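Here is the structure we will look at.
The values are calculated or read from the model by the stated rules, or taken from the named source; none is laboratory data. Given the structure is predicted, the values throughout are model-derived calculations rather than measurements. Virtual Cβ from ideal backbone geometry, glycine too; neighbours counted across all protein chains shown. With ligands, DNA and RNA removed, areas are computed over all heavy atoms of the protein, side chains included. Shrake-Rupley method; radii C 1.70, N 1.55, O 1.52, S 1.80 Å.
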Amino acid sequence: MKFRGKITDIACLNHFTRVVTTISKLTKTCVLRLTPDHLFFILPGKVTNGGVGMWCQLLQANFFQEYQMEGVTSEVQEICLEVSPEPWSRALKTVQSAKSVKLKLTRKHCACVTVAAELPTLSSVGRVVTHDVPVDVIPRRLWQEFQEAGVPDFDVSVYLPPLKTMKSVVDRMKNLSNFLVMEANLNGDMNLKIQTDLVSVTTHFKDLGNPDGGPSQSRDPEVMAEVTVDIRKLQQFLMGQQVNPSKALCNIVHQNVVHLVLLHEDVSLQYFIPAVA
């Protein structure tokens with residue numbers, strides 16, 4: 001079981017750092033699944049039990065100039081690790097000016113992913129800074145939990161408004177209520193609503209557009225699908241976003257779950273927020 005990756009392109013390093021930092025804002029621990037072609041950051045949240053879920057997929061060739069891995073066996077070319085993304089994020093942020101950064105699965109006092117950065121120097125002597133980030137190797141008998149979650153048949157799919165705008169709205173609403181209603185329809189409309197004994201506030205977004213190939217067009221396009229969610233979970237998602245997506249989608253299963261999707265050319269991030277029971 002081996003893993004080694006090397007990043008020599010500064011833009012790739014910055015982008016990888018932003019992805020890891022985004023993950024660190026969403027969860028304290030997650031699963032890193034390594035395959036020959038992809039890296040996956042997974043939070044196998046039990047959405048049916050009120051937990052959030054996350055699935056972030058990266059194409060390794062778009063980040064690493066060198067990438068080698070050997071799975072647990074010659075037939076099973078995968079490695080699953082439990083990681084804390086925040087120490088990774090800190091380590092990567094300190095080496096943004098590096099000539100190259102290597103990531104390697106090592107064994108020190110425990111299993112680690114070692115981040116080794118070759119820093120620029122004026123002398124002929126190289127300068128390397130290393131960070132050892134502890135990880136736990138997950139046994140194969142638990143791997144079935146870390147497959148991509150099937151997306152339930154959603155009632156409405158709509159493009160999200162600009163995420164900074166959405167974040168400012170949610171930040172203000174959080175001061176008024178712990179719960180928020182997200183609703184959308186097939187006319188490209190989305191509403192964010194809170195309602196308490198003292199106040200009722202609704203923010204309307206119009207003409208957002210609906211992705212092709214979404215729910216059945218036999219549904220009345222005016223009818224809203226809605227989910228009431230914990231506003232802190234939505235705020236956490238919006239606060240952590242550093243991926244700068246080219247597309248951002250919201251899929252709603254009426255009174256069940258909100259499925260948020262951020263798409264970049266080489267990254268996809270899915271986030272599941274369950275309805276409040």
Toy charge model, Lys and Arg Cβ at +1, Asp and Glu Cβ at -1: the range 2-145 dipole around Cα centroid in debye, rounded to 20, equals 360 debye
The range 2-145 accessible area per residue, 1.4 Å probe, protein heavy atoms, integer Å², reads 49 Å²
With a 1.4 angstrom probe the carbon and sulfur portion of accessible area for the range 156-274, in percent, totals 46 percent
Residue span ALA11 to THR94: 0.36 nm per residue of separation minus Cα-Cα distance leaves a gain in nm of 28.4 nm
Note to self: C-alpha centroids of the range 231-249 and the range 158-204 sit apart, in Å, by 14 Å
Per residue, the convex hull enclosing the alpha carbons of the range 1-91 has a volume in Å³ of 99 Å³
A correct Stokes-Einstein calculation for the chain, using the alpha-carbon Kirkwood radius, 4 °C and 1.567 mPa s, returns a whole-number D in µm² s⁻¹ of 64 µm²/s
Answer in debye to the nearest 20: the dipole magnitude of the chain about its Cα centre, from +1 Lys/Arg and -1 Asp/Glu charges placed on Cβ, is 1280 debye
Listed by chain and number, the aspartates and glutamates with an alpha carbon less than 14 angstrom from that of LYS233, same-chain partners under 8 positions apart left out, are ASP171
Any lysines whose Cα falls less than 21 Å from that of LYS108, other than same-chain ones fewer than 8 residues away, would be LYS2, LYS6
Rounded to whole Å², per residue accessible area for the range 178-277 with a 1.4 Å probe reads 48 Å²
Within the range 134-187, DSSP-loop GluC sites (Glu not before Pro) with at most 14 other C-beta atoms within 10 Å are GLU148
Which of ARG141, ARG127, ARG107 fluctuates most in a GNM of the chain (C-alpha springs under 10 Å)? That residue is ARG141
Rounded to a whole %, the carbon-and-sulfur portion of the accessible area of the range 1-140 at a 1.4 Å probe is 51 percent
Counting only backbone N atoms under 18 Å from a point 7 Å out along Cα-to-Cβ of GLN68, the residues of the range 1-31 in range are 1-8
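Given a Förster distance of 22 Å, report the FRET efficiency between LYS28 and ASN175 from their Cβ-Cβ distance, rounded to the nearest 0.05.
Working: r = 25 Å, r/R0 = 1.14.
Efficiency computed from Cβ-Cβ geometry: 0.30.
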Here the percent of antiparallel bridges among DSSP beta bridges lying wholly in the range 156-274, to the nearest 5, is 100 percent
Note to self: C-alpha centroids of the range 1-68 and the range 257-277 sit apart, in Å, by 15 Å
